[in-house]
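Engineer: Below you'll find the structure I mean.
Bear in mind that the values in this text are calculations on the coordinates, not laboratory data. The model shown is predicted, which means the values in this text are computed figures rather than measured ones. We place every Cβ from the backbone using ideal geometry, glycine too, and count neighbours over all the protein chains shown.
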Amino acid sequence: MWALGGLFYAAIYVLLALVVLILLAAAVFAKRRKLMYLILAMVFGCFIFIYYTTNKANYKAAQLAHVGTYELTNYPDCDSCILALKEDNTYTVTDKTKKIESGDWHYDFGADYFIVYLNNERDQLGVGRFRYVYSKNTYNKTIKY
């Protein structure tokens with residue numbers, strides 16, 4: 001599932017971690033400027049933390065952009081089924097007031113794609129029986145970082 005974009009993120013983590021390890025080793029083995037190496041290691045450690053939290057917040061925002069209701073057009077034996085994606089990564093398919101199906105969903109992305117998977121990656125939103133004609137995003141809260 002990882003595309004080239006995922007490998008890019010992993011490479012940045014590895015590179016920053018290597019810089020931190022080299023600076024920590026330099027702080028331990030250096031005869032002078034130990035404090036400078038330690039401060040630099042802490043700065044690059046902060047870069048790792050900031051990079052991680054920013055990526056996590058962006059992922060959550062992109063995932064929550066899909067929270068809402070979808071009018072399904074291709075669901076078997078159902079002309080007016082509604083798919084509701086919820087914030088807790090669960091979904092339900094209802095026909096007026098009757099619950100037909102429920103399960104888990106998650107969001108995946110790469111450098112050039114994004115996919116909303118349903119049923120533990122057995123189905124995708126917008127394809128097959130989960131094809132839809134209209135959607136309404138219902139998530140309007142601010143995201144806490």
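Engineer: For the range 79-129, run through the GluC sites (Glu not before Pro) and keep only the ones in DSSP coil with at most 15 other Cβ atoms within 10 Å of their Cβ.
Structural biologist: Those that pass, being in a loop and sparsely packed, are GLU87, GLU121.
Engineer: While we're on this one: Taking only Cα atoms, what is the 0 to 90° angle, nearest 10, from helix 34-64's long axis to the longest principal axis of the chain?
Structural biologist: In the chain, helix 34-64 runs at an angle near 10 degrees to the longest axis.
Engineer: Out of ILE48, TYR9, VAL67, whose Cα points farthest toward the positive end of the dipole of the chain (charges: +1 Lys, Arg; -1 Asp, Glu; placed on Cβ)?
Structural biologist: My answer, from the dipole projection, is ILE48.
Engineer: Expressed in nm to one decimal, what extension gain is obtained for the pair ILE48 and TYR117 from 0.36 nm per residue of sequence separation less their Cα-Cα distance?
Structural biologist: Extra length from ILE48 to TYR117 when fully extended: 21.9 nm.
Engineer: Using amide H atoms built in the peptide plane, which far-off residues or other-chain residues are under 5 Å from TYR132 H to H?
Structural biologist: When sequence neighbours closer than 5 places are left aside, the close amide H contacts are THR73, GLY126.
Engineer: What does the charge count around ILE22 come to, taking other residues whose C-beta lies under 15 Å from its C-beta (Lys +1, Arg +1, Asp -1, Glu -1)?
Structural biologist: +2
Engineer: Report the charge-dipole magnitude of the range 37-135 in Debye, nearest 20, computed about the Cα centre from +1 at each Lys and Arg Cβ and -1 at each Asp and Glu Cβ.
Structural biologist: 200
Engineer: Taking +1 at the Cβ of each Lys and Arg and -1 at the Cβ of each Asp and Glu, which of LEU118, VAL93, TRP105 sits farthest along the dipole of the range 83-132 towards its positive end, judged by Cα position relative to the Cα centre?
Structural biologist: Farthest towards the positive pole: VAL93.
Engineer: Which option, [x] 55; [y] 73; [z] 36, is the value of percent of Cα pairs over 22 Å apart that was calculated from these coordinates?
Structural biologist: Only one option fits the structure, namely [x].
Engineer: Give me ARG129, ARG32 ranked fewest to most by other Cβ atoms within 10 Å of their Cβ, as a rough exposure proxy. It would help to have the intermediate numbers written out before the result.
Structural biologist: Values: ARG129 16, ARG32 7.
Exposure proxy ranking, most exposed first: ARG32, ARG129.
Engineer: Given the rule -39500 (n - 2.57) for each run of at least 4 DSSP H residues, summed and divided by the residues of the chain, what is its mean residue ellipticity at 222 nm, to the nearest 500 deg cm²/dmol? All intermediate terms of the calculation are to be shown ahead of the outcome.
Structural biologist: Working: 2 runs with 57 residues, N = 145.
So the helix-based figure for the chain works out to -14000 deg cm²/dmol.
Engineer: Can you give the angle from 0 to 90° between the axis of helix 4-29 and the longest principal axis of the chain, with both taken from C-alpha atoms, to the nearest 10?
Structural biologist: Orientation of helix 4-29: about 20 degrees from the principal axis.
Engineer: If you don't mind, another one. Anyone know which of SER135, SER80, SER102 comes out most mobile in the 10 Å Cα GNM of the chain?
Structural biologist: Judging by the Gaussian network model, the answer is SER80.
Engineer: Something else: List, in the order given, every pair from LYS99/LYS136; LYS60/LYS86; LYS86/LYS136; LYS56/LYS99; LYS98/LYS136; LYS56/LYS86 whose Cα-Cα distance in the structure shown is over 22 Å.
Structural biologist: Long pairs (Cα-Cα over 22 Å): LYS56/LYS99.
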